[in-house]
2 protein chains.
Amino acid sequence: MRATMDDLTEMLKGTLEGCVLEIIGGEETYGYAITRRLNELGFADVVEGTVYTILLRLEKKGLVQVTKRPSAQGPPRKFYALNDAGREELAMFWAKWEYVSSRIDKLKEGGR
Amino acid sequence: MRATMDDLTEMLKGTLEGCVLEIIGGEETYGYAITRRLNELGFADVVEGTVYTILLRLEKKGLVQVTKRPSAQGPPRKFYALNDAGREELAMFWAKWEYVSSRIDKLKEGGR
DNA sequence: TAGTGGTACTCAGTACTACAAAGTAGCAGG
DNA sequence: CCTGCTACTTTGTAGTACTGAGTACCACTA
């Protein structure tokens, strides 16, 4: 119930999934690495559980192709890559983001 | 379950409340008018029910001052104005927005 | 004067999302 | 062997926007 700057979870709803799509779109990668990447990017509080639920959702929606590969650093990794539907969804996400963020910025400028 | 451009509801979660705060901050106003304002601003699918739940939440959090005034155009209106806590919350909202949107834009630019 | 349409508010229930928390499992180094 | 790091899974919870139904008040009009 804090109102501090670092509590961004509500604002990330609906955008985190798109961010994960974008990261996967850049290169085939896996859950743990995606979490670290998001943390690096400034989304410091995003934890693994969140990312894994998103990945399962993407898989269910048929937006990604999954490949299991052994790892030298622990249990096997599940690598994710975008398929055509995923790339389409990603483009849609950026279109929505463009739209929403421009409206909000306009509102901020006292948009009449 | 559509994936069309006009389904923005998930992306608005966490930001709509801030938008309502901003509108109230601009001038004392009431629920119905706020809904129309949001629709004008491009948030076409936002409906009254949503705005009223936000307003009740703001009231519960003690961020607004409420004044009931009779209307010539129907039942009495509940006018909302920001108090000090509300102005603080609004500033916090814009700070968060600045932060989150800049990170997402960076990610979009292929941010390394 | 009954009916319609626009204004204005309320409330119960639902869907979706991010997070918390706990657990399983493998490998490396001391 | 045991601690720490990597890596994945699952269950449950809280918060938010939306749906849909309802109440109520007024103006206009047929």
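The values are calculated or read from the model by the stated rules, or taken from the named source; none is laboratory data. Quick caveat: nothing in here was measured; it's all calculated off a predicted structure. Using ideal geometry, Cβ is built from the backbone for each residue, glycine included, and neighbour counts are taken over all protein chains shown. Quick note on the areas: whole protein, heavy atoms, side chains included, nothing else; ligands and nucleic acids left out. Shrake-Rupley method; radii C 1.70, N 1.55, O 1.52, S 1.80 Å.
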Q | Residues of type lysines that B:LYS96 reaches as a straight line, Cα spacing below 25 Å, ignoring anything fewer than 8 places off in the same chain | A | A:LYS13, A:LYS96, A:LYS106, A:LYS108, B:LYS13, B:LYS60, B:LYS61, B:LYS106, B:LYS108
Q. Near A:VAL66, within a Cβ-to-Cβ distance under 12 Å, what is the net charge of the other residues, with Lys and Arg +1 and Asp and Glu -1?
A. +3
Q. Which of these, B:GLY74, B:GLY62, B:GLY18, has the largest mean-square fluctuation under a Gaussian network model of chain B (Cα springs below 10 Å)?
A. B:GLY74
Q. Given springs between every Cα pair under 10 Å in a Gaussian network model of chain B, which of B:TYR30, B:TYR52, B:TYR99 has the largest fluctuation?
A. B:TYR99
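Might you tell me the accessible area per residue for chain B, computed with a 1.4 Å probe and given in Å²?
56
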Q.
Given a 10 angstrom Cα cut-off, can you work out which residue in B:LEU63, B:LEU12, B:LEU90 is the most mobile in a GNM of chain B?
A. B:LEU12
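Could you compute Rg(Cα) / (2.2 N^0.38 Å) for region B:13-105, with N its residue count?
1.11
Considering Cα pairs under 8 angstrom that are at least six residues apart, work out the relative contact order of chain B and quote it in whole percent. Please report the intermediate quantities before stating the final value.
Numbers: 87 pairs, mean separation 28.6, N = 112.
Contact order relative to length: 26 percent.
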Q: Quote the FRET efficiency, to the nearest 0.05, computed for B:GLU88 versus B:ALA33 with a Förster distance R0 of 35 Å and r equal to the Cβ-Cβ distance.
A: 0.90
Q: Could you pull out which residues in region A:77-112 have an amide N less than 18 Å from a spot 7 Å beyond the Cα of B:GLU40, following the Cα-Cβ vector?
A: A:103-112
Q | Inter-part distance where region B:1-63 and region A:7-80 are each reduced to a Cα centre, Å | A | 30
Q) Computed FRET efficiency, Cβ-Cβ of B:TYR99 and B:THR67, R0 35 Å: what is it to the nearest 0.05? A) 0.55
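Counting other Cβ atoms within 10 Å of each Cβ, which trypsin sites (Lys or Arg not before Pro) in region A:1-110 have at most 10 and sit in a DSSP loop? Could the numbers behind the result be given before it?
Working: sites: A:ARG2, A:LYS13, A:ARG36, A:ARG37, A:ARG57, A:LYS60, A:LYS61, A:LYS68, A:ARG77, A:LYS78, A:ARG87, A:LYS96, A:ARG103, A:LYS106, A:LYS108; in loops: A:ARG2, A:LYS13, A:LYS61.
Counting only loop positions with at most 10 other Cβ atoms within 10 Å, the trypsin sites (Lys or Arg not before Pro) in region A:1-110 are A:ARG2.
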Q | Reach of B:LYS68 by Cα under 19 Å, taken over aspartates and glutamates that are not fewer than 8 positions away in the same chain | A | B:GLU27, B:GLU28, B:GLU48, B:GLU59
